[in-house]
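Single-structure report; data block below.
Readers should treat all values here as calculations from the given coordinates under stated rules, not as data from a laboratory. Remember, it's a predicted structure, so these values are computed and weren't measured experimentally. Here the Cβ positions follow ideal geometry from the backbone for every residue, glycine too, while neighbour counts run over all protein chains shown.
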Amino acid sequence: MKVVLVGYGRMGREVEQVLRERGHEVTYRVDPSGSGDAPTLTPSLLSGADMAIEFSHASSVVANCGIYVETGVPAVVGTTGWTDRIEEVRRMVGEKIGYLWGANFSIGAHLFFALAVHATRLTHAFPEYDALAYEIHHRRKKDSPSGTALTLAQKIIEASKTKKRVVIDRLSRAPEPDELHVASVRGGEVPGTHTFMLDSEADTVEITHRARSRRGFAVGAVRAAEWLLGRKGFFTVETFIDDIFGEVANV
Ligand SMILES: NC(=O)C1=CN([C@@H]2O[C@H](COP(=O)(O)OP(=O)(O)OC[C@H]3O[C@@H](n4cnc5c(N)ncnc54)[C@H](O)[C@@H]3O)[C@@H](O)[C@H]2O)C=CC1
Ligand SMILES: O=C(O)C1=N[C@H](C(=O)O)C[C@H](O)C1
């Protein structure tokens, strides 16, 4: 595949390495910081490209989607922090191009989601267990909570009989029983740690996904791009995971 990298920061560079290892070619790197070949994405940069892979900033996702649609180039997007506009992007994409978005492309994160959802269902019989979640990321991360934490929270709300709402703010009150509290911490170099906790008077059950590096995210994104080639429509990473690895993502 001839790939245009949109966003050439930590993830863009990691994806470039994996693309090379898997026999693909990077034709352009787009990044406003000056670290790529061009500062902004334009239709002409996508000419001849088979795929775009975007790890950029939330503020650019919708405009970039317009350029993918205009040029007919499919895109895998890992950028987080923009899902308040996901329906707009879904409508823009329609059946015109293949577009796949995921908050977390590492396989382990999807095992983590599945385990957390399964554990939540098991506690239907044990209402003494209260659910909560927290995530830790490096000091340069721009969005909070992480896309992964928001995805986890949504899945837990769907699986839980007691939790109906997600609260992400710093709480200056006790959470209501139907509120799932999701907390975020930023600092150091942590590539991404997410913990889901079920806590009772007797004990604590903790499920943690701890990324060791960004490689798992990058491998997943490149595999998702290989999967997307030739498909049309708006997909989330869960569809790709389901298709490749069986019923892992949506247990
Ligand atoms: N889905 C997943 O598996 C993962 C998602 N991410 C997400 O990917 C995004 C990027 O993460 P990192 O690479 O760690 O951040 P980073 O800050 O190292 O890199 C982002 C790059 O995008 C550039 N950028 C900003 N606006 C742009 C635009 N309009 N067009 C092109 N480039 C633009 C910035 O100059 C920067 O170089 C974040 O939203 C992060 O949460 C990060 C890791 C894994
Ligand atoms: O910004 C990051 O670094 C990461 N972002 C993604 C998220 O917001 O969930 C995925 C991973 O946790 C790393």
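Given the rule -39500 (n - 2.57) for each run of at least 4 DSSP H residues, summed and divided by the residues of the chain, what is its mean residue ellipticity at 222 nm, to the nearest 500 deg cm²/dmol?
Per the formula, -10000 deg cm²/dmol.
Amide H to amide H, which residues 5 or more places from VAL167 or on other chains are under 5 Å from it, using H placed in the peptide plane?
LEU180, HIS181, VAL182
Quote the relative contact order of region 107-210 in percent (integer), defining contacts as alpha-carbon pairs under 8 Å separated by 6+ residues.
Here the relative contact order equals 37 percent.
Find me the longest stretch of the chain that has none of the exposed GluC sites (Glu not before Pro), where exposed means in a DSSP loop (not H, G, I, E or B) with at most 16 other Cβ atoms within 10 Å.
It runs 1-94.
So which aspartates and glutamates can LYS141 reach, going by Cα to Cα under 12 Å and dropping same-chain residues fewer than 8 places off?
Once the sequence-local aspartates and glutamates are set aside, what remains near LYS141 is GLU189.
Residue separation times 0.36 nm, minus the C-alpha to C-alpha distance between ARG212 and ASP143: what's the value?
Separation in residues times 0.36 nm, less the Cα-Cα distance, equals 22.8 nm.
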